[in-house]
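Trainee: Take a look at this one; I'll ask things after.
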Amino acid sequence: MKKILLLVATAVGALAVQKQVRSKKAENRLWAEATDTPKG
């Protein structure tokens, strides 16, 4: 039973980290777009 709980806790933690990474990447893309020098 402890192994299953550990597995579930690890999966939840991994999903939380993945969501945080995606959010940070999206924020960085928006920031790069906002600060990019205009072409033309």
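Trainee: In whole Å and largest first, what semi-axes does the C-alpha gyration tensor of the chain yield when each eigenvalue is scaled by 5 and square-rooted?
Mentor: Semi-axes, largest first: 39, 5, 4 Å.
Trainee: If I fit a long axis through the Cα atoms of helix 2-35 and take the longest principal axis of the Cα atoms of the chain, what angle between them do I get, 0 to 90°, rounded to 10?
Mentor: With rounding to tens, the tilt is 0 degrees.
Trainee: Moving to a separate point now. Hey, got the dipole for the chain? About the Cα centre, +1 on K and R Cβ, -1 on D and E Cβ, debye to the nearest 20?
Mentor: Approximately 280 debye in magnitude.
Trainee: Between V17 and E33, what length in nm is gained on full extension when 0.36 nm per residue of separation is reduced by their alpha carbon distance?
Mentor: Residue separation times 0.36 nm, minus the Cα-Cα distance, leaves 3.3 nm.
Trainee: Okay, moving on. So, R0 is 25 Å and r is the distance between the beta-carbons of L5 and K25; what FRET efficiency does that work out to, to 0.05?
Mentor: Using R0 = 25 Å, I get an efficiency of 0.25.
Values quoted throughout were computed directly from the atomic coordinates according to the rules given, and no laboratory measurement underlies them. These numbers were taken from a predicted model, which means no experiment stands behind them. As a convention, Cβ positions derive from the backbone with ideal geometry for all residues, glycine included, and neighbour counts pool all protein chains shown.
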